[in-house]
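What follows is calculated from the coordinates using simple rules that are stated; it is not laboratory data. Being a predicted model, the structure only gives us computed values, none of them experimental. Every residue, glycine among them, receives a Cβ derived from its backbone with ideal geometry; neighbour counts consider all protein chains shown.
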Amino acid sequence: MSVEAVLAEINEFLACPTPDSWVDVALQNQDIMLIDHANCEKKAATTAMNLLYKHIDREDLLKKMSQLAREELLHFEQVVNIMKERGVAYRHVSSSRYAAGLRDAVRKGGVDELIDVLIVGAFIEARSCERFAKLAPFLDEKLAKFYRSLLRSEGRHYQDYLTLAAQYADAPIDERVAQFRELERDLIESPDSDFRFHSGVPESAVA
């Protein structure tokens, strides 16, 4: 599938585009953007590893999450190298409310929890892909090339998460996906005091 086709599918999957005000703030805060991007890659690898440990009886999940964890750690290494080249020190920054907001809605226990965790993973990967595409036209050549290179893999990760969720569910997941889609839209379109890679509308843009 071409990058254009991947993006078209993702834009249809998500309920809203990234607000232009977020892009404006991201371009003004590229150091924080890179630091939090690195954190996101590391957290994505951790999520995949947690699923590997928790669901050892699901062969397809083990295969997909093993591949995903390796790719996310490679992306983490690549972001850290870019930061080093630019003199950006890797430091602690607080997490955004985005992932926590999605995970708070996850049902607890059994296959329902697994389905929800996989759907949340799909939305996080899809939003990351959408934001790479939003940012790339405004970045310097090297960073733009790197972000464009991530589009295909992040698009595949979103598809893998959704496919696994549908595979392990006892019934169609459309309704549950729709519920998370509206929650994700609210998190993206509502104000955020701190800029992060997945934060909502910067409060400075809300008057």
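For the stretch 3-193, the dipole from Cβ point charges (+1 on Lys and Arg, -1 on Asp and Glu) about the Cα centre works out to 620 debye, to the nearest 20.
In the chain, the DSSP-assigned H stretches of four residues or longer account for a calculated mean residue ellipticity at 222 nm of -24500 deg cm²/dmol, using -39500 (n - 2.57) per stretch and the full residue count as denominator.
Hey, got a sec? Which trypsin sites (Lys or Arg not before Pro) in the stretch 107-194 land in a DSSP loop and have at most 11 other Cβ atoms within 10 Å?
LYS108
Between the stretch 1-71 and the stretch 127-187, the alpha-carbon centres lie 6 Å apart.
Want the number for ALA89 to LYS108: 0.36 nm per residue separation, take away the alpha-carbon distance, what's left?
Taking ALA89 through LYS108 to full extension adds about 3.1 nm, to one decimal.
Karplus-based coupling profile of the stretch 37-46, in residue order and whole Hz: 4, 4, 4, 4, 5, 5, 5, 5, 5, 5, with θ = phi - 60° in 6.51 cos²θ - 1.76 cosθ + 1.60 and x standing for Gly or Pro. What spacing in nm lies between the two simple spin-label points modelled at GLN179 and LEU62, each 7 Å away from Cα in the Cβ direction? The two pseudo-label positions are separated by 3.1 nm.
Summing charges over all other residues whose Cβ lies under 12 Å from the Cβ of LEU187, with Lys and Arg as +1 and Asp and Glu as -1, gives 0.
The ranking of LEU51, LEU73 from fewest to most other beta carbons within 10 Å of each one's beta carbon is LEU73, LEU51.
Put in order of Cβ neighbour count within 10 Å, fewest first, the listed residues THR46, THR18 become THR46, THR18. For VAL6, neighbours were defined as the other residues whose beta-carbon sits under 12 Å from its Cβ, and their charges (Lys and Arg +1, Asp and Glu -1) total -3.
For the pairs LYS63/LYS134; LYS43/LYS64; LYS42/LYS63; LYS43/LYS63; LYS63/LYS145; LYS63/LYS108, note any where the Cα-Cα span goes beyond 26 Å.
Pairs exceeding the cut-off: LYS63/LYS134; LYS63/LYS145.
Other residues with beta-carbon under 9 Å from the beta-carbon of ARG196 carry, at +1 per Lys or Arg and -1 per Asp or Glu, a net charge of -2.
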